[in-house]
Amino acid sequence: MRLPGLNLPQQDDGLGRFNSEEEFKTYLSQGSEALSGLGSFGVFSGGSLRNFAAQDLMLAPSAGMGVTGTEASTFAAQPQRVSDTNVQVIGVDEPDIVKTDGNTIYFSSTNYFYDTPLPVEPFIMEDNFITEDRVTSELIPPTPGTYQGPQTKVLKAFPPSELEVTQSINEYGNLLLTDSHLVVFDSNQAGISGYKLGAFDEGPDWEYSPDSNTQMVAARLYNNEIYMVMQTYVYSYSGCPMKVFETGLTVPCTDIWRPNTVVPVDTTFTIVKINPSSGSIIDSVSFVGSSGQSVVYMSQSDIFATYTYYQDLVQFMFGFLNDSGRDIVSPLVLSKIDSLRGLDISNRAKQVELEIIMDQYYSSLPQDEQVRLRNEFANRAQDYLKEHGRDLEQTGIARIAANSLDVAATGSVPGTPLNQFALDEYNENLRIATTVTASGFGNAQSVNDVYVLDAGLNKIGEVLDLGVTERVYSVRFIEDKGYLVTFRQIDPFYVLDLSNPRAPKMAGELKIPGFSSYLHPISKNLILGVGQENQNVKLSLFDVSNPGSPTEVSKYLLDEYWTEVASNHHAFLYDPRHSAFFLPAGQSGYVFSVSDNTLALERVVSDISAQRALYLDDYMYILGDTKVVVVNELDWQDVNSLTLR
């Protein structure tokens, strides 16, 4: 499929397309050498792309930050409030294991069972041994049980008194729900299937199976079009065209984008736009990348793809020694490194040669001088990194128009973003939070930064040096404010004033024990943090009404070690009408209310392998692998329940 022609800026951190298959293979060869030489330094990364979805802003429309549910049309037995999946951008849906239209719940459960259970009653040994006839007749069932694997359950949901399983689909995984189809992204990467609503018994209406070297790593639903991110592993000998699906999409080499600077490569990522009603492919765009660290974020207008790369370490070492180390190496060593910079060999080979040069130099010195110089080197490198570390570790960014899949702009910032909600587009500006570790050079001291880029991805503002020696654990951008948590031993919670994009600043800071790995806005002035303290799940309620002096107004520790919310925001539900939220932890589901700046535990549904919750009108449905429990949000009492098999 031919991609749109573009006029990209010709700069080292820009993007271009391959001119031929030969150029594609040469780039792969150089990129794979860089990959093996630099470890996890990457481009478009599968690791982070698997978390393509970012956290959403669940507030009333008047606050300008999003809503938690949709209003259903009015007719008998139809709820007036229907919750949506917890997403980042309103109108841009994200796949999850639960979807609902108000009348029906689609729940992809990993539960399985046997119709005929294995015997559990104890047996008595006869003559100190088990006879063969007893083994066959008593200990082993005469006929094997009927195995039911994980399925997607279709539940009649409303009214709650009529809760029941009406159908099952023998596929499970993350789901997207459109007006006409339920789309199942198979959890075993076997394929993507579109089922016509009301015709599940007929099987999928359309489906795609990834090629043997390809897997689906992310998806979005926007304006009734599905955007999928496919990852195809490539090798130096890989040819073209590249197969994405077994049938339906191949990509010529000349349609694949790559950074103009050679970066580590072992993968090509393809964004595919699909019509969910027909299953037809509308368009696609492809990039080279790596299976290391990277992020994709999608707003209502753009897709932002990042790729992290490192400056040539030989070049960086020469700069360091030429600037700060002329008295700790000989002129001959400096001359050798200068010559090494210009050799037409791979970065990996240059690094090997650099190590040989330095080892030979140190070995030529007396032992006392070796020890002195190694200490001098380490200390001076620390000072040099404080000033130049941001030059070593860079993240390139491509802005892709969602409507046309045109590459509209490219740019770069120092450091590496944590994940997709470290990016946010507001008033045509991109805000991005990064951590700079410069880990490829000495014992670097990490720092955390926030940058503001314009529509052309030019840097127009920055806040530097947040949480020195720490790293970013969570980020949330809300209109002209930013909230950031870093962590090493304590949890600094930062409030950023982004009202002037050309002069952003850190407005306030709060240091408390533990950390928050997920931040969710409860109201304009209240931010909820979900994280950990002393091996317990921790909930923190932050009052940010005074940005210069944020406070932790309420805290609650659960007797649980882990919650899925820490790594998957879809597991969180907030209901603004009742100021209540749900999170799974351990095997149970917990419901809290927020009132008078205080967190209160309202209800626990235990031992159901709780996964998700949703609300229909004033009823909260808590879904577990083994059971669905419906509670009345007016008094938190049970209304109905359904055992799942």
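Readers should treat all values here as calculations from the given coordinates under stated rules, not as data from a laboratory. All values reported here derive from a predicted model rather than from experimental measurement. FYI the Cβ positions are ideal-geometry reconstructions off the backbone, even for glycines, and counts take in every protein chain you see.
Could you check the simple spin-label distance between GLU22 and GLU428, using points 7 Å along Cα→Cβ, in nm with one decimal?
According to this spin-label approximation, the distance is 4.4 nm.
Work the Kirkwood hydrodynamic radius out for the range 431-536: mean of 1/r over every pair of different alpha-carbon atoms, inverted, in Å.
Computed over Cα pairs of the range 431-536, the Kirkwood hydrodynamic radius comes out at 14.4 Å.
Starting with the highest mean, order 623-629, 21-27 by the number of other Cβ atoms within 10 Å, averaged over the residues of each peptide.
Descending packing order for the listed peptides: 623-629, 21-27.
Which order do peptides 363-375, 338-350, 576-588 fall in by mean Cβ count within 10 Å, highest first? Write out the running numbers ahead of the final one.
On the way: 363-375: 11.2, 338-350: 14.1, 576-588: 20.4.
Output ranking for 363-375, 338-350, 576-588: 576-588, 338-350, 363-375.
Using modelled backbone amide H atoms (1.01 Å from N, in-plane), which distant-in-sequence or interchain residues come within less than 5 Å of SER474's amide H?
VAL485
Using R₀ = 60 Å, calculate the FRET efficiency as 1/(1 + (r/R₀)^6) where r is the Cβ-Cβ separation of GLN370 and SER161; round to 0.05.
Given R0 = 60 Å and the Cβ-Cβ separation, E is 0.15.
With each pseudo-label sitting 7 Å past Cα toward Cβ, what's the ASP465-LYS511 distance in nm, one decimal?
For ASP465 paired with LYS511, the spin-label model returns 1.6 nm.
For the pair ALA503/TRP636, report the inter-label distance in nm, with labels modelled 7 Å from Cα in the Cβ direction.
If labels sit at ALA503 and TRP636, their model points lie 4.8 nm apart.
Need the full-extension length gain, SER212 to SER567, defined as separation in residues times 0.36 nm minus the C-alpha distance. One decimal, nm. Numbers along the way, then the final one.
Working: separation 355, 0.36 × 355 = 127.80 nm, distance 2.83 nm.
Stretched fully, the SER212-SER567 segment lengthens by 125.0 nm.
Residues with beta-carbon under 12 Å from that of SER109, excluding SER109: net charge, scoring Lys, Arg +1 and Asp, Glu -1? Before the final figure, lay out each step's value.
On the way: positive: LYS153, ARG612, LYS627, ARG645; negative: GLU171, ASP625.
Once all neighbours under 12 Å are counted, the net charge is +2.
Return the subset of LYS99/LYS273; LYS386/LYS481; LYS156/LYS196; LYS273/LYS481; LYS505/LYS555; LYS153/LYS538 for which the Cα-Cα distance in this structure is over 24 Å, preserving the input order.
Numbers: LYS99/LYS273 21 Å; LYS386/LYS481 27 Å; LYS156/LYS196 17 Å; LYS273/LYS481 33 Å; LYS505/LYS555 27 Å; LYS153/LYS538 32 Å.
Table pairs above 24 Å Cα-Cα are LYS386/LYS481; LYS273/LYS481; LYS505/LYS555; LYS153/LYS538.
As an exercise, use a Förster radius of 56 Å and the Cβ-Cβ distance of TYR556 and THR247 to find the FRET efficiency, rounded to the nearest 0.05. Kindly include the intermediate steps, with their values, before the conclusion.
On the way: r = 52 Å, r/R0 = 0.93.
It comes out at approximately 0.60.
List the extent of the Cα atoms of the range 346-475 along each of their three principal axes, largest first, rounded to whole Å.
So the extents along the principal axes, rounded to whole Å, are 65, 34, 22.
Does anything in the range 370-385 have its amide N under 12 Å from the 7 Å Cα→Cβ label point of GLN445, and if so which residues?
Correct set: 379-385.
Find, among the chymotrypsin sites (Phe, Trp or Tyr not before Pro) in the range 232-288, those assigned to loop by DSSP (not H, G, I, E, B) with at most 11 other beta-carbon atoms within 10 angstrom. Numbers along the way, then the final one.
Details: sites: TYR233, TYR235, TYR237, PHE245, TRP257, PHE269, PHE287; in loops: TYR235, TYR237.
In loop regions of the range 232-288 (DSSP not H, G, I, E or B), the sparsely surrounded chymotrypsin sites (Phe, Trp or Tyr not before Pro) are TYR237.
Given a Förster radius of 41 Å and the C-beta distance between ASN403 and SER236 as r, what FRET efficiency does 1/(1 + (r/R0)^6) yield to the nearest 0.05?
On the way: r = 35 Å, r/R0 = 0.86.
Efficiency at R0 = 41 Å is approximately 0.70.
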